[in-house]
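The values are calculated or read from the model by the stated rules, or taken from the named source; none is laboratory data. Given the structure is predicted, the values throughout are model-derived calculations rather than measurements. We place every Cβ from the backbone using ideal geometry, glycine too, and count neighbours over all the protein chains shown.
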Amino acid sequence: MTDRVGIVVVSHSHEVAKGTIDMVRQMVGNEIPLAYSGGNPAGGLGTDVASILAAIEKAWSPKGVAILVDLGGAESNSEMAIELLPEDRREKVVVCNAPIVEGAVMAATEAAGGGSLQAVRATAEELSPR
Amino acid sequence: MAHELTGYLVDAAVGTIRDHADELTGLDQAIGDGDHGINMKRGFDAIAETPEIKTLPLGDALQKAGMTLVMKVGGASGPLYGSLLMAMGKAVAGDPAAGDQVQAMLVEGIAAVKKRGKSDAGEKTMLDVLVPVGETLSSSLSRRLSPAETIANLRAAADAALERTKGMKATKGRASFLGDRSIGHIDPGARSSQLLLHAACDAVAGVLRS
């Protein structure tokens with residue numbers, strides 16, 4: 001399982017984050033490390049750097065971790081979490097510029113096929129308008 | 001006398017954010033996602049609940065306060081204000097002794113916000129207050145103005161800069177989805193930056209008086 005890129009979903013909503021990972025799991029099973037973070041530190045809508053860090057840890061793979069985010073704060077808090085990782089791990093975690101649900105499904109499909117972190121990110125980002 | 005500025009600064013910053021939390025949320029409801037006041041209040045409440053911060057030299061206190069915001073705010077303002085304070089704190093060892101050290105802190109802080117937000121002045125964000133304030137500090141120092149004159153200039157620059165965000169069109173953050181409809185509203189992040197600048201001026205004035 002750890003020879004596959006891990007996927008982390010970060011949403012302002014716990015339900016969106018969990019629901020997205022549920023959909024991914026139904027499509028690609030448990031072949032890849034999956035984790036999610038949703039909601040702010042007080043349990044409301046928002047994102048939480050400590051929780052994102054824990055999700056990255058949970059989905060950690062030597063091949064790296066791809067993060068899918070919904071809106072502004074989810075992206076900046078994910079980037080903040082990456083900066084707080086040990087230095088040798090920072091290079092192996094990327095935030096994908098892709099729609100959260102479709103991006104997570106496409107990224108997970110590529111990851112399950114054994115794709116590299118760059119390939120996983122590129123597959124998710126194909127969904128974004130250029 | 002030890003780290004007196006830190007204590008004044010924490011009290012003033014926490015006080016102004018608590019006093020204006022509802023207003024910030026109201027501004028954010030107009031053009032954002034309506035959580036700016038509540039998020040900032042959660043972050044600054046967490047700073048107030050970490051009494052150790054007040055006992056530290058300013059540089060260390062800013063770094064610790066910044067990390068507290070990063071971990072507690074839960075919105076985009078957490079990493080933005082967190083990066084601002086952490087970069088300012090790293091720019092000075094201990095307590096700043098002169099204006100040019102404060103200037104160096106602000107330069108580093110603004111650079112960190114630009115990097116974190118992938119943004120620059122003119123996009124209807126907190127940078128539209130911070131950047132003019134930085135320029136005003138620089139020009140006040142080069143003209144060798146007194147601390148009182150410098151503080152007055154900084155306050156005026158922040159107020160004028162905040163008002164200018166009203167006419168700007170947002171191209172960053174949630175407000176950018178509104179396009180032209182963002183015009184006519186003050187930016188909530190610019191307002192919180194202006195409030196914190198006034199708090200910092202109050203703190204420095206407090207130290208000068210004591």
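Remarks
- Flag for B:Asp100 being surrounded by fewer than 19 Cβ atoms within 10 Å (Cβ to Cβ), assigned to a helix (DSSP H, G or I) and either under 14 Å from the mean Cα position of the chain (by Cα) or within 11 Å of chain A (Cβ to nearest Cβ) (or both): no
- The set of residues in region B:140-169 being over 18 Å from the mean Cα position of the chain (by Cα) and either part of a helix (DSSP H, G or I) or in contact (Cβ under 8 Å) with a residue 24 or more places away in the chain (or both) consists of B:Ser140, B:Leu141, B:Ser142, B:Pro147, B:Ala148, B:Glu149, B:Met168, B:Lys169.
- Residues satisfying the stated conditions in region B:171-210, i.e. assigned to a loop (DSSP other than H, G, I, E, B), under 16 Å from B:Leu130 (Cβ atoms) and either charged (D, E, K, R) or more than 18 Å from the chain's Cα centre (by Cα) (or both): B:Lys172, B:Asp187
- Residue tally, condition among the charged types (D, E, K, R) and touching a Pro at 6+ places or on another chain (Cβ under 9 Å), over region A:84-130: 1
- Filter pass, A:Ala17 being within 14 Å of chain B (Cβ to nearest Cβ), within 11 Å of the chain's Cα centre (by Cα), farther than 30 Å from B:Ala87 by Cα and in contact (Cβ under 8 Å) with a residue 12 or more places away in the chain: yes
- Helices (runs of 4 or more DSSP H) fully within region A:43-130 counting 1 or more residues that are loosely packed, with under 15 Cβ neighbours inside 10 Å, among the β-branched types (Val, Ile, Thr) and at pLDDT below 95: none
- Hits in region B:33-72 - residues which are more than 8 Å from chain A (Cβ to nearest Cβ), in contact (Cβ under 8 Å) with a residue 24 or more places away in the chain and not in a helix (DSSP H, G or I): B:Leu56, B:Pro57
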